[in-house]
Amino acid sequence: MTEVKSPETAAPPAAVPSELTEEPGRWHRVRPYLPLVALVVALILPYSTLHLPGIFEGALNSPGTLQLLAVCLVFGGLAAGYDLLFGRTGMLSFGHALYFAAGVYGTDILITHAGLPLWQAAPLAIVGGTILAGLIGAVALRTVGIAFAMVTLAFAQVGAILVARDFGGLTGGEEGLPLDVSGVPAGLVGVANTVNLYWLALAYLVVVVFVVHRVSGSPTGRVLAGLRDDERRIGVLGLDPYRFKLVAFTLAGGLAAAGGVVYCLIVGGASPHITSSELTLSLLVMVVLGGPGTRWGPVLGGILYMYLDHRLVSVGSSGAVDALPGFLSRPLSQPLFVLGTVFILAVYFFPGGLAGLASRVALLRDSLRLGSRRQS
Amino acid sequence: MDAIILLTLTGLGLAALYFLVASGLSLVFGLADVLNFAHGLFLGVGAYATWWAAGNLPGAGPDGLGFVVAVAFGVAAGTLMAVLVELVLIRPLYSRTIEQVLVTVGLSLAGVALLQATWGADARPFPRPEWTRQVTPILGAQVPNGGLLLIVAATLVLGAILAFLRWTRYGLIIRAGVENREMVTALGIDVRKAFTLVFAIGGAAAALAGALGSVYFGTVSPQQGGSLLIFAFIVVVIGGMGSVVGSAYAAVAVGLLQQFVNYYGTSGLGDICVVALLAVVLLLRPQGIAGKVATA
Amino acid sequence: MSATSVPGSRTGQSQSGDDSATEPILTVEELSVRIAGLHILQGVSFTVAPTGVTVLLGRNGVGKTTTLRAVVGLTPRNGEVGGAVRMGAEDLLTRPTHRLVRGGLGYVPEDRCVFAGLTVAENLRLAERRGSTPAYDRVYALFPELDRRSRQRAGSLSGGQQQMLAIGRVLINDNRLLLVDEPTKGLAPKVVTEVAEVLQRVAESVPVLLVEQNLAVVRRLARDAVVLDAGRVAWTGDAKRLLSEAALTKSLLGVGSAEVQH
């Protein structure tokens, strides 16, 4: 649905990921290795003491930078999982934060209140989040389209209320619930071990990308793409759209819950803002900015969004912005104002997100090259 | 007994607030298929514009006629905002439903952040006439006047919208368009003019909700719209999208349920019951109480 | 816009016979429609004569409704339209539906699509336009039933009455061409005859492009026929000839001559 319908992309059949569309030239040969390069960079990053002033506050391997990067990686994975619903199946869920929060709070409560060790708490939280997604999906998928969006939003709101009201003192209410680290392996605790959390986040991202890739390449994935393009056609083929959508919804919920577990460890606890509908909305922003339905777009979108969300606060309070007149500096110090505006512009001008942008640039360059060749 | 009357009337006050937000959402959704996340922003604009007018606009003030002028200014600002959003942001994406939702999402994020940047994140005391702070004894219950004001306003708005839908040419186009927009076009009618109109109506009602809701709560804050919006969505789904009357029924059901359960049960339980009600309605009648018909 | 309208008179031009000299009212050239990757129409070309009924025939799913909808600009958003459709000098494909309709293209959709929640009178009132007098006398002369039931909700009408309303709604205004999609679908035989009679009278003053499955109705109304098969035009010519040659009918439409005869 959000696929670019510009003449350049000529509406590729849904099952073919846009990565496979023809792009002549050197770029075409280099491109498949880019993710590998990115992975290698991600792997050697914690061993680097490089300072990148303006981009990160400390050295690359400083705990602060590594924590920020770990959060970014988790959200890259989260966005990729969400894209399984939005970009690849065409389901507009506004309640995805709920399953993420189920992972975060589930882990936290099981460790801190129930005293379980991490190796028991984590699987339980993931299974619990998956079951929750299955149950809610079973009800919500009785509606389609926009009504589905509203209903998932309503269910997520219940999660937010439950957390905020702090029933039985489980969630800590507005204060949040710091993680009791005695139940967590020593290697994942403390500032000195931030690098291990970074590895964990990277592993999570890799797993999600792998799962989403495998699913969308499978026969099920082709049905999901068919649902996105025209649900009736799938119905005509004798397949039950409801079942396939429920599978995708549950799987994405499980992936989000797993991300919650990792996030809980990285930030050392849970806070109620992760249950807010704003988090789901930002997931949507990440996916759309990155490029829905593409393999790397949502990942990039998630990483970039979280990075900007964190960094814009400090940029906003920096001298350069403060020097501007009040009517400019005050909005610019609000990350959500900047991101929301960028998002709106992206919907209009870059409907394919960053991924679409890359292929457009490639196209532009190719056509320029073609033009110059013609002239010579 | 007093408690029941008080809860009923405060519940209806809440229902009035929900209805003011939901009626516009429902019409906009029913006609244009736009799930408008920016609707909460219209509410915020209405509230802040009223607040600003009461302090700064000549002729407006926190009391008497000045207060009416301030609220009118707030409603006008909300309406203008809604019309601009439709013309500038929604219209170019005509019939691209998902993109339209995305734009309203971006707008709600950016808009609330802008309100926050301009007036701060914290709630500010709202200027309001003295009488709205007082209570009226009704059958032994001490009912806050702010709530009664909301009930009266919502009833008037309901009547006005129904009369508009029933008796005017554009009302007819809207009712028909909610049923089958394509067929309205096929009768030679430019249905997009009606889109602007439902946005204007929705923006005005939401801005009124912002102003009067702030009177009721006594404060105004940037996040006010967002939290109300979710319950308004629930009201719209339960009532049946596109149905103003359905929204009214659903708003009453949701408002009363929430108020009673929150009082007699634990605080917060009422909110959860509302979502449970939503689930039940969806399981029994996926199209909502009234279905997709703009009943007049 | 409706000034270049068809007079209400019944001149019976359809008997003139010499239509090779007259310009077609509608020219469809290489019309192709692709919806969600399916190539539904693959270069359809035909013309509609300025008088009488031209019928669009073919088995289910060959693209008859898609053709009408493409002409009136109602192809869904996930569809792509190519080719050209001209009424007189104007290209229809570039203009939005409501402008086409105001310009004199009347469209009676498949399944009638009356507004069920509105009364009969409201359904008709909706079709009124500023700047032109609604021809209620013409509508009520054809469908006296609609006058009697004006305060009834359209959703509570019978299928035949709904079809009358759907046609009447279009006749409130003057038209240069009517597109009528399966008007007898799902109706009782007696009602089918009534609808056919009405269409015959309507066609005396306005040219009609009709999609119809009922060959008895086709035999009664149509002068020219266009047969579609798998998204292409398979045959064009005289409708009577098509129906009188059993082998031709069977090969193009897949029905035996017995069904045609009654």
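Within the stretch B:1-52, how many residues are crowded, with 24+ Cβ neighbours inside 10 Å and free of Cβ contacts under 8 Å to residues at least 60 places away in the same chain?
0
Which of (1) more than 12 Å from chain B (Cβ to nearest Cβ); (2) in contact with a helix residue (DSSP H, G or I) (Cβ under 6 Å, 6 or more places away or on another chain); (3) part of a helix (DSSP H, G or I); (4) closer than 24 Å to C:VAL71 by Cα does C:ASN123 not meet, given it meets every other one?
The failed condition is (1).
Given the conditions (1) free of Cβ contacts under 8 Å to residues at least 60 places away in the same chain; (2) in a helix (DSSP H, G or I); (3) among the hydrophobic types (A, V, I, L, M, F, W, C); (4) in contact with a strand residue (DSSP E or B) (Cβ under 9 Å, 6 or more places away or on another chain), and given that C:VAL218 satisfies all but one, which numbered condition is not satisfied?
Result: C:VAL218 fails condition (1) only.
Are there helices (runs of 4 or more DSSP H) fully within the stretch B:145-211 with at least 3 residues that are facing chain C (nearest Cβ under 10 Å) and of a type outside the set (A, V, I, L, M)? List them.
Helices (runs of 4 or more DSSP H) meeting the threshold: B:169-179.
Hey, any hits in the stretch A:274-287 for a residue that's away from chain B (no Cβ under 13 Å), under 30 Å from A:TRP119 (Cα atoms), modelled with pLDDT of 80 or more and crowded, with 19+ Cβ neighbours inside 10 Å?
Within the stretch A:274-287, one or more residues are away from chain B (no Cβ under 13 Å), under 30 Å from A:TRP119 (Cα atoms), modelled with pLDDT of 80 or more and crowded, with 19+ Cβ neighbours inside 10 Å.
Here are some conditions: (1) surrounded by fewer than 17 Cβ atoms within 10 Å (Cβ to Cβ); (2) in a helix (DSSP H, G or I). C:SER132 meets all but one. Which one does it not meet?
So C:SER132 meets the others, but not (2).
I need a count of the residues in the stretch B:92-140 that are in contact with a strand residue (DSSP E or B) (Cβ under 9 Å, 6 or more places away or on another chain) and hydrophobic (A, V, I, L, M, F, W, C).
Of the residues in the stretch B:92-140, 4 are in contact with a strand residue (DSSP E or B) (Cβ under 9 Å, 6 or more places away or on another chain) and hydrophobic (A, V, I, L, M, F, W, C).
With respect to A:LEU73, is the statement that it is over 30 Å from A:VAL247 (Cβ atoms), in contact (Cβ under 8 Å) with a residue 60 or more places away in the chain and assigned to a helix (DSSP H, G or I) true?
Spelling it out, it is not the case that A:LEU73 is over 30 Å from A:VAL247 (Cβ atoms), in contact (Cβ under 8 Å) with a residue 60 or more places away in the chain and assigned to a helix (DSSP H, G or I).
In the stretch C:61-95, how many are part of a loop (DSSP other than H, G, I, E, B) and either in contact (Cβ under 8 Å) with a residue 60 or more places away in the chain or within 19 Å of C:ILE25 (Cα to Cα) (or both)?
10
Residues to consider are C:VAL85, C:VAL108, C:VAL114; find the one that is under 19 Å from the mean Cα position of the chain (by Cα) and either facing another protein chain (nearest Cβ under 8 Å) or within 14 Å of B:GLY188 (Cβ to Cβ) (or both).
Exactly one residue qualifies, and that residue is C:VAL108.
How many residues does the stretch A:161-180 contain that are under 17 Å from A:PHE100 (Cα atoms) and within 9 Å of another protein chain (Cβ to nearest Cβ)?
3
Quick test of your reading of the structure: B:THR219 fulfils all but one of (1) in contact (Cβ under 8 Å) with a residue 12 or more places away in the chain; (2) among the hydroxyl-bearing types (Ser, Thr, Tyr); (3) within 14 Å of chain A (Cβ to nearest Cβ). Name the failing condition by number.
Looking at each condition in turn, B:THR219 falls short on (3).
If you scan the stretch C:115-158, which residues turn out to be touching a residue at least 12 places away in the same chain (Cβ under 8 Å), polar (S, T, N, Q) and closer than 12 Å to C:ILE172 by Cα?
Passing the criteria: C:ASN123, C:SER132.
Which pairs have Cβ atoms under 7 Å, sit 6 or more apart or on different chains, and link a residue in the stretch A:133-159 that is of a type in the set (Ser, Thr, Tyr) to one that is not in a helix (DSSP H, G or I)?
Pairs that qualify, where the first residue is of a type in the set (Ser, Thr, Tyr) and the partner is not in a helix (DSSP H, G or I), are A:THR143/B:PRO286; A:THR152/A:SER93; A:THR152/A:PHE94; A:THR152/A:GLY95.
Could you please find all residues in the stretch B:121-144 being within 30 Å of A:LEU328 (Cβ to Cβ) and either of a type in the set (Asp, Glu) or more than 10 Å from chain A (Cβ to nearest Cβ) (or both)?
B:ASP122, B:ALA123, B:ARG124, B:PRO125, B:PHE126, B:PRO127
So that you can scan it fast, the table gives a plain yes or no per residue for (1) in contact with a Phe, Trp or Tyr (Cβ under 8 Å, 6 or more places away or on another chain); (2) in contact (Cβ under 8 Å) with a residue 24 or more places away in the chain; (3) under 30 Å from B:TYR249 (Cα atoms):
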| site | (1), (2), (3) |
| --- | --- |
| B:LEU57 | yes, no, no |
| B:ALA60 | yes, no, no |
| B:VAL69 | no, no, no |
| B:LEU107 | yes, yes, yes |
| B:LEU115 | yes, yes, no |
| B:ASP122 | no, yes, no |
| B:ASN145 | yes, no, yes |
| B:LEU156 | no, no, yes |
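Give the residue, chosen from A:GLY187, A:GLY183, A:GLY221, that is surrounded by 14 or more Cβ atoms within 10 Å (Cβ to Cβ), small (Gly, Ala, Ser), in contact with a helix residue (DSSP H, G or I) (Cβ under 7 Å, 6 or more places away or on another chain) and over 28 Å from A:ALA248 (Cα atoms).
A:GLY183
Taking the stretch C:117-143 only, how many residues are among the β-branched types (Val, Ile, Thr), over 19 Å from the mean Cα position of the chain (by Cα) and under 18 Å from C:GLN163 (Cβ atoms)?
Of the residues in that region, 2 qualify.
So, in the stretch B:256-272, of the ones that are within 21 Å of the chain's Cα centre (by Cα) and modelled with pLDDT of 90 or more, which residue ends up nearest to the other protein chains (Cβ to nearest Cβ)?
Out of the qualifying residues, it is B:GLN258.
Within the bounds of the stretch A:227-241, is there any residue that is more than 30 Å from A:LEU345 (Cα to Cα), within 14 Å of another protein chain (Cβ to nearest Cβ) and outside any helix (DSSP H, G or I)?
yes
Need pairs with beta-carbon distance below 7 Å; first residue over 18 Å from C:ASN173 (Cβ atoms) and within the stretch B:169-189, second of a type in the set (D, E, K, R); sequence gap 6+ or separate chains.
If the second residue must be of a type in the set (D, E, K, R), the pairs left are B:VAL178/B:LYS292.
Restrict the check to the stretch A:323-333 and report whether at least one residue is at the interface with another protein chain (Cβ under 8 Å from one of its Cβ atoms) and either touching a strand residue (DSSP E or B) at 6+ places or on another chain (Cβ under 8 Å) or at pLDDT 80 or above (or both).
No; the residues of the stretch A:323-333 include none that is at the interface with another protein chain (Cβ under 8 Å from one of its Cβ atoms) and either touching a strand residue (DSSP E or B) at 6+ places or on another chain (Cβ under 8 Å) or at pLDDT 80 or above (or both).
Can you go through A:THR89, A:THR107, A:THR112, A:THR65 and tell me which one is within 18 Å of the chain's Cα centre (by Cα), hydroxyl-bearing (Ser, Thr, Tyr) and either within 14 Å of chain B (Cβ to nearest Cβ) or surrounded by 17 or more Cβ atoms within 10 Å (Cβ to Cβ) (or both)?
Only one candidate passes the filter, namely A:THR89.
Give B:ALA53, B:ALA117 a once-over and let me know the one that is at the interface with another protein chain (Cβ under 9 Å from one of its Cβ atoms), assigned to a helix (DSSP H, G or I) and either over 20 Å from the mean Cα position of the chain (by Cα) or more than 19 Å from B:LEU43 (Cα to Cα) (or both).
Result: B:ALA117 is the single residue among B:ALA53, B:ALA117 that is at the interface with another protein chain (Cβ under 9 Å from one of its Cβ atoms), assigned to a helix (DSSP H, G or I) and either over 20 Å from the mean Cα position of the chain (by Cα) or more than 19 Å from B:LEU43 (Cα to Cα) (or both).
Which one of A:ALA80, A:ALA42 is at pLDDT 90 or above and either within 14 Å of chain B (Cβ to nearest Cβ) or in a helix (DSSP H, G or I) (or both)?
Selected residue: A:ALA80, the only one of A:ALA80, A:ALA42 that is at pLDDT 90 or above and either within 14 Å of chain B (Cβ to nearest Cβ) or in a helix (DSSP H, G or I) (or both).
If you check A:ALA164, A:ALA154, which single one turns out to be more than 17 Å from B:ALA279 (Cα to Cα) and either touching a strand residue (DSSP E or B) at 6+ places or on another chain (Cβ under 8 Å) or assigned to a helix (DSSP H, G or I) (or both)?
A:ALA164
The values are calculated or read from the model by the stated rules, or taken from the named source; none is laboratory data. Remember, it's a predicted structure, so these values are computed and weren't measured experimentally. Here Cβ is always computed from backbone atoms with ideal geometry, including for glycine, and neighbour counts include all displayed protein chains.
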